[in-house]
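Values in this text are rule-based calculations from the coordinates and carry no lab data. Quick caveat: nothing in here was measured; it's all calculated off a predicted structure. In this analysis, Cβ positions are derived from the backbone assuming ideal geometry, glycine residues included, and neighbour counts consider all displayed protein chains.
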């Protein structure tokens, strides 16, 4: 799902809530009107208020006094409406619209500003679209534990966590740097990638996360459909080029061939040209990366990406060992 599709879906959810709220109100009102004929007459009278005020506004004469008189009549009739509901055993507010969000009346906007309810829906859709929905529930900055790192490794990881917190809080697609996480497996690269993604998404940016294997598989699938990974028909992979932040996890675990190398070069080049930041994590060291990828790719990675080193003992294995000892 692309950024525009995620926002459209969020707006559709809010619009659906509004429609449901109004439909429920209409059902309750029809129920009362069927049981209490006077209630139906009062409702019809109240519905005339808007047109009467509009007519008074443009009718000349003392419009202010006339409008005030109409409002007094409205309040009197509305009070009778509430009394009727109470007399017939209906709870207060039974025939009012109960919006899910009273702040914006389920429109998604307060004036010209986006309401918090729409922001939450957009964030949820961004999380789902990012590929990190399940990971970001548990892998946050607050859940990252430094107890598994010792001495210099711990000092290095404390610096990484602090830097990445600041990176996420100040993220800006136009100025945030590209990053590459380098270190052995099980040292927290994916956890901190998820933590960055979650916070950046919460701040309203569109993030896409994909492991290297999955990313190149999608390009491969698109090539079979369109004979090109640049064809405009495949918006499914366009999100890798267009998103505010792209996170490629486990670079080097994919099957490396001419096609995957070509895709990686195309993708990195597109994002560098557009000045859109990318985070790469890899278990490979510098020499291993150079032996696997072409010079044109390595010049971009080592020339345009800021490295963060991850060192220590495999945290996953430490957790497994701790669990078995218990």
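What the table shows:
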item: Test: residue in the range 131-148 that is free of Cβ contacts under 8 Å to residues at least 24 places away in the same chain and at positive phi; result: no
item: Residue in the range 290-312 that is surrounded by the fewest Cβ atoms within 10 Å (Cβ to Cβ), counting only those that are in contact with a strand residue (DSSP E or B) (Cβ under 8 Å, 6 or more places away or on another chain) and over 23 Å from residue 153 (Cβ atoms); result: 304
item: Residue that is nearest to the chain's Cα centre (by Cα), among those in the range 49-70 that are loosely packed, with under 14 Cβ neighbours inside 10 Å and under 28 Å from residue 31 (Cβ atoms); result: 50
item: Residue count for the range 275-289, restricted to those that are within 24 Å of residue 194 (Cβ to Cβ) and either surrounded by 15 or more Cβ atoms within 10 Å (Cβ to Cβ) or touching a helix residue (DSSP H, G or I) at 6+ places or on another chain (Cβ under 9 Å) (or both); result: 10
item: Answer from 172, 166, 142, 152 - the residue that is more than 24 Å from the chain's Cα centre (by Cα), loosely packed, with under 12 Cβ neighbours inside 10 Å and over 30 Å from residue 47 (Cα atoms); result: 152
